[in-house]
Amino acid sequence: MKAASRAQAPGGLRLLKLFAAAALLGALQWLGDTIVEHTGWPVSGSVLGLLMLLALLCLRGGVPDSLETVTAPLLRHLMLLLIPSVAAVSLYVGLLSRHAGVFILTAVVATLLTVGVTAWTLQRLLRRRQP
Amino acid sequence: MIATLAWPLCTLAAYALAVGLYRRSGHHLLCLPVLTGTALVVALLLLSGTDYPVYAQATQALRWLAGPAVIALAVPLYRQAALLRRLALPLLGALLAGGLTAVLATLGLAWAVGAPREVALSLAPKSATMPIAMAAAERAGGVPALAAMAVVATGVLGTLLCAPLLRRLRIEDERVSAFTLGLAAHAIGVARVLQTRPETVAFAALAMSLNGVATAVVVAVVTRWL
């Protein structure tokens, strides 16, 4: 039933809804950035935006099709969007080589410790819950 | 003028090639599209003699989209909300353990090898997503650029090391590995989960967002003590 009514929705309306969903994401990003700028909270605007969208979805009680359509390609190609920022690595070769030792040490050892401790703790706690 | 069109297209082409290679390699970790795609882009920058700021300016729109993409993670998170709420206590316990380990182990190691305070503080928030880590390092008195590099190294290494380490620890639960990737390797780990085990991505997204906030708080508190 629901699928049938969706198929009958006029193309213009659907396009408008998609546009509204994209605008919502943009607005949340702007709102998050603005809040961070004014409060100086050490969190990024996009994480605040994530929390706000989560709150909105909980209030609404469901994910609208238009939002689903807009977010799916963003999530699927997250790595593409990260490439331009990661390429900044080429800027800091000098800074990096000066502190290469401690950089590599913490990158390998602290990361291994973090992965190990997180996984071990979660596994333990989950198992205690479901024996 | 041409650059503003050419560089986003080059980035897209590099990404398309990287994804093709990743598929062909059977999703091998060393062929992770962020790694190979970035390598291609950096090679193109070097070959054409383009400075990074020029490239960054040209790809502004792509970089900006990463923000809404992080916001979009609310959708899978919401879908799994009931499940996550049921497991709230174990997940929060793991967050506390992992988040503290990431910051304190980094500071401890940096202190042990006698790294300057500003370097140690730049590396401390490296398990958080890049914007959070850069902000946290700057507020603590570190170098944001160094923080950004540490974030990339941690994301890549965390994603590379997670599967072999968990195999060694005999942990096979997909939820555990997704949560661990999100916590330790932020957006790069989440992107990996999205590509390999999309059904567990809520765990990774939850871990990334919670640890982003937790890292900022822990770094701020620890800095006050130091």
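The values are calculated or read from the model by the stated rules, or taken from the named source; none is laboratory data. These numbers come from a predicted model, not from an experiment. Reconstructed Cβ throughout: ideal geometry from the backbone, glycine too, with neighbour counts over all protein chains shown.
Brief remarks follow.
- Residues of the stretch B:42-69 that are under 25 Å from A:Leu75 (Cβ atoms), polar (S, T, N, Q) and assigned to a helix (DSSP H, G or I): B:Gln60 alone.
- With respect to the stated conditions, B:Val143 fails to be out of contact with any Asp or Glu (no Cβ under 7 Å at 6 or more places or on another chain), assigned by TED's automatic domain parsing to the domain that holds B:Ala97 and not charged (D, E, K, R).
- Selection of the stretch B:196-215 for residues being touching a Phe, Trp or Tyr at 6+ places or on another chain (Cβ under 8 Å) and touching a residue at least 60 places away in the same chain (Cβ under 8 Å) yields B:Phe203, B:Leu206, B:Ala207.
- Test: residue in the stretch B:94-105 that is farther than 25 Å from B:Gly142 by Cα and either in a helix (DSSP H, G or I) or at pLDDT 90 or above (or both): yes
- From the list B:Ser209, B:Ser122, the lone residue that is facing chain A (nearest Cβ under 9 Å) and modelled with pLDDT of 90 or more is B:Ser122.
- Residue among A:Leu24, A:Leu80, A:Leu13, A:Leu48 that is within 21 Å of B:Ala214 (Cα to Cα) and modelled with pLDDT of 85 or more: A:Leu48
- Selection within the stretch B:158-174: residues that are surrounded by fewer than 21 Cβ atoms within 10 Å (Cβ to Cβ) and touching a residue at least 24 places away in the same chain (Cβ under 8 Å). The member of this set that is farthest from the other protein chains (Cβ to nearest Cβ) is B:Glu174.
- Any chance B:Leu45 is under 28 Å from B:Val221 (Cα atoms), facing chain A (nearest Cβ under 7 Å), crowded, with 16+ Cβ neighbours inside 10 Å and without any contact (Cβ under 8 Å) to a residue 60 or more places away in the chain: no
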